[in-house]
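The numbers here are math on the coordinates, done by the rules we state, and not lab data. These figures come from a predicted structure and were not determined experimentally. A quick note on method: Cβ atoms are made from the backbone with ideal geometry, for glycine too, and the neighbour counts reach across all protein chains shown.
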Amino acid sequence: MKIELKVLGMNCNHCVDKIEKFIGELDGIKSINVDLKTKMVEIEAEDYVSISSIKEAILDSGFEVE
Ligand SMILES: [Cu+2]
């Protein structure tokens, strides 16, 4: 399953690292791709992963999901 979310508040590679770390700690995440320019975060995950758990991880990392 592929999920695309727009994340607000990222402005440098440090933010990208943080987001990747928090999302990456969830079970079933296969890959995370962050585009700083468009603020889009693309996540490839197993089907059992819920979008809300990903959104929660993003909020926990200090950013906002649009
Ligand atoms: Cu930053």
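List of remarks:
- The sum of -39500 (n - 2.57) across all DSSP H runs of n ≥ 4, divided by the residue count of the chain, sets its helix-only mean residue ellipticity at 222 nm to -10000 deg cm²/dmol.
- Amide H contacts for VAL65 (H built 1.01 Å from N in the peptide plane; partners 5 or more residues away or on another chain; cut-off under 5 Å): LEU8.
- Taken along its principal axes, the alpha carbon cloud of the chain reaches lengths of 30, 20, 19 Å, longest axis first.
- Non-local lysine pairs in the chain, meaning eight or more places apart or on different chains, with alpha-carbon distances under 19 Å, amount to 19.
- Relative contact order, percent, the chain [alpha-carbon distance under 8 Å, six or more residues apart]: 46 percent
- Rounded to the nearest whole Hz, the Karplus-based 3J(HN,Hα) values (6.51 cos²θ - 1.76 cosθ + 1.60, θ = phi - 60°) of segment 40-45 follow the sequence 8, 10, 10, 10, 9, 9, with x at glycine and proline.
- About its Cα centre, the dipole of segment 2-65 is roughly 280 debye, where the only charges are +1 on Lys and Arg Cβ and -1 on Asp and Glu Cβ.
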